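Please read the structure below before turning to the comments.
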Amino acid sequence: VQLVESGGGLVQPGGSQRLSCEASGFTFSNYAMGWFRQAPGKEREFVARISRSSRNTDYADSVKGRFTISRDNAKNTVYLQMNSLKPEDTAVYYCAAGFSVSGWYLPNEYNYWGQGSQVTVSS
């Protein structure tokens, strides 16, 4: 099982960035997918999640209206489009896969995790 994030890096405040997470080793379409982030000295926090069929999405209040989660089951990939980025969005971003997720904002509900991708928002 692998989840490989890509697309992180340095971006200026107000800018945009898209993260990708490609999955392998499991049936991607059977899993809900989530994005979490962790800033230095802080706990890992929920960012967004998407259901198996893309019918349902949810976002943390801090990113609502700025971030969009999507998935392509044919490509085994989940995306996080981030717009209007702020310095407080700086963190390592992780994608996660969960087979039976009820508390979708809880990290321990997810079975598989990527290695993380650093996003730094700074001028």
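Counting only other residues whose beta carbon sits under 15 Å from that of residue 98, what net charge do I get with K and R as +1, D and E as -1? Result for the local shell: +2. Cut-off 10 angstrom, C-alpha nodes, Gaussian network model of the chain. Which of 97, 32, 60 fluctuates the most? It is 60.
For residue 112, the residues whose amide H sits under 5 Å from its own are 97, ignoring neighbours fewer than 5 places away on the same chain, with H placed 1.01 Å from N.
Just the protein heavy atoms count here, and of the accessible area of the chain at 1.4 Å, carbon and sulfur take up 43 percent. Residues considered: 43, 88, 22. Largest GNM mean-square fluctuation over the chain, using C-alpha springs under 10 Å, is found at 43. Roughly how many Å is it from the Cα centre of region 102-121 to that of region 21-38, as a whole number? Each part reduced to its Cα centre gives a spacing of 9 Å. Rounded to the nearest 20, the size of the Cβ-charge dipole of the chain about its Cα centre is 220 debye, with Lys and Arg at +1 and Asp and Glu at -1. Sparsely packed loop sites in region 1-68 (the trypsin sites (Lys or Arg not before Pro) outside DSSP H, G, I, E and B with at most 12 other Cβ atoms within 10 Å) comprise 42, 55, 64. Projecting the Cα atoms of 13, 69, 39 onto the dipole axis of the chain, where Lys and Arg carry +1 and Asp and Glu carry -1 at the beta carbon, places 69 farthest toward the positive end.
The values are calculated or read from the model by the stated rules, or taken from the named source; none is laboratory data. Treat the numbers as computed from the prediction; the structure is a model and nothing was measured. Please note: Cβ atoms are built from the backbone with ideal geometry, for glycine as well, and neighbour counts cover all protein chains shown. Accessible surface areas use protein heavy atoms only, side chains included; no ligands, DNA or RNA. Shrake-Rupley method; radii C 1.70, N 1.55, O 1.52, S 1.80 Å.
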